[in-house]
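As structure tokens, the structure follows; a few thoughts come after it.
The values are calculated or read from the model by the stated rules, or taken from the named source; none is laboratory data. A quick note: this is a predicted structure, and the numbers were derived from the prediction, not measured. Quick reminder, even Gly has a Cβ in these numbers, built from the backbone with ideal geometry, and neighbours come from all protein chains shown.
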Amino acid sequence: MAAMWEQTEAVVPRDELAAAIAALFELTPPLDSDADQAWRRCWSPGSARCARS
């Protein structure tokens with residue numbers, strides 16, 4: 001694990017990586033969310049379930 005952090009920090013500092021990961025969690029639905037399924041249902045061919053803009 002230490003070697004992994006050493007190689008990672010050679011590219012990006014740990015605090016910047018942590019901030020990037022936090023930003024990803026803000027932009028994506030929760031892991032237990034069914035948002036992905038809802039998106040597929042709305043955008044499947046022939047679906048009239050969701051309004052499209």
Failed condition for V12, given (1) surrounded by 10 or more Cβ atoms within 10 Å (Cβ to Cβ); (2) under 14 Å from the mean Cα position of the chain (by Cα); (3) in a loop (DSSP other than H, G, I, E, B): (2)
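How many residues, within the range 20-38, are at pLDDT 70 or above and outside any loop (DSSP other than H, G, I, E, B)?
Qualifying residue count, the range 20-38: 10.
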